[in-house]
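Remarks on the structure that follows.
The values are calculated or read from the model by the stated rules, or taken from the named source; none is laboratory data. On a predicted model such as this, the values are computed, not experimentally measured, just so you know. Backbone-built Cβ (ideal geometry, glycine too); neighbour counts: all protein chains shown.
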Amino acid sequence: MPYAVVLLQVLVSVSETGSIILYLRDVEKLLLQSERLYNLFQKLLNKLPHSVLILGSRMLGPEDDYREVDERLSALFPYNIEIKPPEDENNLDSWKAKLEEDMKVLQAQDNRNHIAEVLAANDLECDDLGSICYADTMILGNYIEEIVVSAISYHLMNNKDPEYRNGKLVISSKR
């Protein structure tokens, strides 16, 4: 869990010069996947200065009861803010469309983050990862581990002078 240590160091460092807000999306999925992760997060919270505010959200489906919150999450996040859809039909359609678009953006960003993690684990950098379209991130996100090997081979076979930065091979998203 070295990421938690780095996160704590960054939060403490940045909070020395001002306040910081950390947003954690879908905290149930993140923190309740293992008891160890939950305990680690609880310890991290206790070490943070008061100038750090952590907001956690829950992603609920239409059939979920928003009032049912796991007691462990309630202990970490004691305050709840409920966001309900508009009651006016005209605004509801617009709200649903915007929500759908936001979910696509979040999913694409999740996939880009996953792709970046796999690339980093293989000592690769891709400067133009943000240029990959939504549909491609969905496909790449599902098969990135298999694609990386082919991308490295293709890149090295087709570039006489491959670029390296900080010991990592730099590839293009087009490859």
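Which residues, taken from segment 70-118, are touching a residue at least 40 places away in the same chain (Cβ under 8 Å) and not assigned by TED's automatic domain parsing to the domain that holds Met59?
Leu106
Tell me, which residue of segment 120-170 that is at pLDDT 80 or above and in contact with a His (Cβ under 8 Å, 6 or more places away or on another chain) is nearest to Lys104 (Cα to Cα)?
Applying the filter and picking the extreme gives Ile144.
Can you name every residue in segment 121-131 that is touching a residue at least 40 places away in the same chain (Cβ under 8 Å) and of a type in the set (A, V, I, L, M, F, W, C)?
Answer for segment 121-131, where residues must be touching a residue at least 40 places away in the same chain (Cβ under 8 Å) and of a type in the set (A, V, I, L, M, F, W, C): Leu124, Cys126, Leu129.
If I go through segment 30-53 residue by residue, how many of them are of a type in the set (Lys, Arg) and either surrounded by 11 or more Cβ atoms within 10 Å (Cβ to Cβ) or modelled with pLDDT of 85 or more (or both)?
2
Go through segment 146-165 and count every residue that is touching a residue at least 24 places away in the same chain (Cβ under 8 Å) and either assigned to a loop (DSSP other than H, G, I, E, B) or surrounded by 12 or more Cβ atoms within 10 Å (Cβ to Cβ) (or both).
Of the residues in segment 146-165, 3 are touching a residue at least 24 places away in the same chain (Cβ under 8 Å) and either assigned to a loop (DSSP other than H, G, I, E, B) or surrounded by 12 or more Cβ atoms within 10 Å (Cβ to Cβ) (or both).
Taking the condition in contact (Cβ under 8 Å) with a residue 40 or more places away in the chain and aliphatic (A, V, I, L, M), does Leu55 pass?
no
Looking only at segment 54-74, filter to residues that are surrounded by 12 or more Cβ atoms within 10 Å (Cβ to Cβ) and of a type in the set (Lys, Arg); which one of those is modelled with the highest pLDDT?
For segment 54-74, the residue satisfying everything is Arg72.
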